[in-house]
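Undergrad: Below is one structure. I have some questions about it.
The values are calculated or read from the model by the stated rules, or taken from the named source; none is laboratory data. These numbers were taken from a predicted model, which means no experiment stands behind them. Neighbour counts run over all protein chains shown; Cβ positions are idealised from the backbone, glycine included. For the accessible areas, the whole protein counts, side chains as well, though only heavy atoms, and no ligand, DNA or RNA atoms are used. Shrake-Rupley method; radii C 1.70, N 1.55, O 1.52, S 1.80 Å.
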Amino acid sequence: MNSFRKSPIRGFVFLLAAGLATVTSPLDAKADAGFKTWISKFYATAASSGINRSTYDKAFAGVSEPDPDVLDKANFQPEFKSQIWDYLDSRVNPYTVKIGREMAAKHRGTLSAIERQFGVDMNILLAIWSMESNYGAALENPERLHHVPQALATLAWADPKRAKFARTQLIAALKILQSGDVTPKQLTGSWAGAMGHTQFIPTSYLLYAIDADGNGKRDIWHSVPDALATSANLLAKNGWQNGRTWGYEAVLPSGAARYAGQTKTLAQWSALGFTRPDGKGFARGADRATLKLMAGASGPAFLMTSNFFTIKRYNAADSYALAVGLLADEIAGYGGVEQSWPRPAGTLDIKEKFELQSRMKELGYYEGEVDGNFGSGSKAAISTIQQRLGMQANGEPSKRLLQALR
Ligand SMILES: [Ca+2]
């Protein structure tokens, strides 16, 4: 859903990006020669990890230049960090919940089998699938697919910050290829080497990949059972507690913000005055939980239990793990966050974002999906409308704009 925006081309990236143009300058040729030399030299390292010549040559067959798109994406810096509520709106909304429920129905048998075998809640697996590849839809976007050996070699060769990571991942990718699970052509991934429906980097694949459909190949690129079982295996091996929640939304007692980041038992939190928004207490008082204030003391509080930290083994951001937990709950039919996020005055909540997109679509300004996600298409439509209304054309959704369209 959120494709990477193009970064301003600068410095070294410029030399490589210029390689895309039809005219080849001597500088491009020099860069390509340097890259090819790096690939031939790296074979010695790969060989010392057990990669044979034939695997290596197959991995790099037809690769004669670095992947310019990889460096472009690696150098992309978001202009501003999105607020937690905007991030959650883009991940946990009527659209992702609806598709999640459709996928739950479609893959019921597979999901039940995985839940039984690994003891991991199927709704958590659906939420991860949504977060990682929009339930596989992102894999159909060629802009997002890179040849993994080429992408990782590009980073190892040209990105000093990621070179060590990329070398390790490249060796792991070559091991995957050598195992016969995939052909070189099928070894596709993101610019940083995250692969398949559930976006595993090669080292994680080697640790956790599962052949769940029994065809003899661990295929997280084309087999939904393999991909979801692989995620379940990662969570199970990292301490997922079956039948337990990931955490509780809580009402922050006055003066209790000072406990943010602390871990206590749920019984201790209760004794400090913490309750759930519906006034109910916390089950399993002996369980330990960590207080997280994701938007400061004026936003909802959360008491995160151990499964929250297991989700973070997938992606270390608190916001990611919260989105997975909330989306899983909503797919399962539970309600979302009950307390309000401290949104600035005049900005839209998720229902209003959907309404704005629908209205823009009805009026012919917007042709994209009504998904609450304000990407370039939505922003361009908003700018056009703002111009027609004589408002400042900043592309940002607002209550004022929605009011104007009603
Ligand atoms: Ca398989």
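Undergrad: Which of (1) open to solvent by 50 Å² or more (accessible area, probe 1.4 Å); (2) among the charged types (D, E, K, R); (3) touching a residue at least 40 places away in the same chain (Cβ under 8 Å) does Arg288 not meet, given it meets every other one?
TA: Looking at each condition in turn, Arg288 falls short on (3).
Undergrad: Next question, about the same structure. Do we have Lys361 as charged (D, E, K, R) and surrounded by 14 or more Cβ atoms within 10 Å (Cβ to Cβ) here?
TA: In short, yes.
Undergrad: Any residue at all in the stretch 216-237 that is away from the ligand (no atom under 14 Å from the Cβ) and surrounded by fewer than 22 Cβ atoms within 10 Å (Cβ to Cβ)?
TA: Yes: the stretch 216-237 contains one or more residues that are away from the ligand (no atom under 14 Å from the Cβ) and surrounded by fewer than 22 Cβ atoms within 10 Å (Cβ to Cβ).
Undergrad: Applying the selection to the stretch 79-106, what residues are in a loop (DSSP other than H, G, I, E, B), in contact (Cβ under 8 Å) with a residue 40 or more places away in the chain and surrounded by fewer than 20 Cβ atoms within 10 Å (Cβ to Cβ)? Even if it seems obvious, please write down each step before you answer.
TA: Kept after step one, since they are in a loop (DSSP other than H, G, I, E, B), are these residues of the stretch 79-106: 79-83, 92-93.
Next cut, in contact (Cβ under 8 Å) with a residue 40 or more places away in the chain only: 83, 92-93.
Matches in the stretch 79-106: Gln83 only.
Undergrad: What are the pairs, 6+ residues apart or on separate chains, where a residue within the stretch 34-45 that is part of a helix (DSSP H, G or I) has its Cβ under 6 Å from a residue that is among the aromatic types (Phe, Trp, Tyr) and open to solvent by 60 Å² or more (accessible area, probe 1.4 Å)?
TA: What qualifies is Phe35/Trp157; Trp38/Trp157.
Undergrad: Kindly indicate which of Pro202, Pro184 is closer than 27 Å to Asp69 by Cβ, crowded, with 22+ Cβ neighbours inside 10 Å and either assigned by TED's automatic domain parsing to the domain that holds Gly119 or at pLDDT below 95 (or both).
TA: Going through Pro202, Pro184 in turn, the sole match is Pro202.
Undergrad: In addition: Among the residues of the stretch 48-59, write down those that are in a helix (DSSP H, G or I) and either open to solvent by 40 Å² or more (accessible area, probe 1.4 Å) or modelled with pLDDT under 95 (or both).
TA: First pass over the stretch 48-59, keeping only residues in a helix (DSSP H, G or I): 48, 53-59.
Passing the criteria: Ser48, Arg53, Ser54, Asp57, Lys58.
Undergrad: Regarding Thr263, is this residue away from the ligand (no atom under 16 Å from the Cβ), within 30 Å of Ser82 (Cα to Cα) and open to solvent by 40 Å² or more (accessible area, probe 1.4 Å)? Break it down into steps so the answer makes sense when it comes.
TA: Values: away from the ligand (no atom under 16 Å from the Cβ): yes; within 30 Å of Ser82 (Cα to Cα): yes; open to solvent by 40 Å² or more (accessible area, probe 1.4 Å): yes.
It is true that Thr263 is away from the ligand (no atom under 16 Å from the Cβ), within 30 Å of Ser82 (Cα to Cα) and open to solvent by 40 Å² or more (accessible area, probe 1.4 Å).
Undergrad: Under 6 Å between Cβ atoms, at least 6 apart or on separate chains: pull out the pairs that start in the stretch 169-181 with a residue that is outside any helix (DSSP H, G or I) and end on any residue that is open to solvent by 20 Å² or more (accessible area, probe 1.4 Å) and at pLDDT 95 or above.
TA: Asp181/Lys217; Asp181/Arg218
Undergrad: Looking only at the stretch 368-406, count how many residues are touching a helix residue (DSSP H, G or I) at 6+ places or on another chain (Cβ under 9 Å), more than 16 Å from Phe354 (Cβ to Cβ) and of a type outside the set (S, T, N, Q).
TA: Adding up the residues that qualify gives 7.
Undergrad: All but one of (1) more than 10 Å from the ligand (Cβ to nearest atom); (2) open to solvent by 20 Å² or more (accessible area, probe 1.4 Å); (3) not hydrophobic (A, V, I, L, M, F, W, C) hold for Gly189; state the number of the condition that does not hold.
TA: (2)
Undergrad: Here's something else I'd like to know. So which pairs qualify, if the first residue must be in the stretch 190-213 and under 21 Å from Ala163 (Cα atoms), the second must be open to solvent by 40 Å² or more (accessible area, probe 1.4 Å) and polar (S, T, N, Q), the Cβ gap must be under 7 Å, and the two must be at least 6 apart or on different chains?
TA: Thr203/Thr168
Undergrad: Does Arg244 count as among the basic types (Lys, Arg), farther than 24 Å from Lys280 by Cβ and either within 16 Å of the ligand (Cβ to nearest atom) or in contact with a helix residue (DSSP H, G or I) (Cβ under 9 Å, 6 or more places away or on another chain) (or both)?
TA: Criteria not met by Arg244.
Undergrad: Please enumerate the residues belonging to the stretch 200-215 that are touching a Ser or Thr at 6+ places or on another chain (Cβ under 6 Å) and more than 9 Å from the ligand (Cβ to nearest atom). Spell out how you get there, then give the answer.
TA: Step one: filter the stretch 200-215 for residues touching a Ser or Thr at 6+ places or on another chain (Cβ under 6 Å), giving 208-210, 213.
Hits for the stretch 200-215 are Tyr208, Ala209.
Undergrad: Of the numbered conditions (1) more than 30 Å from Tyr208 (Cβ to Cβ); (2) open to solvent by 50 Å² or more (accessible area, probe 1.4 Å), Val370 fails exactly one; give the number of that condition.
TA: All conditions are met except number (2).
Undergrad: So which of Leu326, Leu322, Leu348 is modelled with pLDDT under 95 and among the aliphatic types (A, V, I, L, M)?
TA: So the residue among Leu326, Leu322, Leu348 that is modelled with pLDDT under 95 and among the aliphatic types (A, V, I, L, M) is Leu348.
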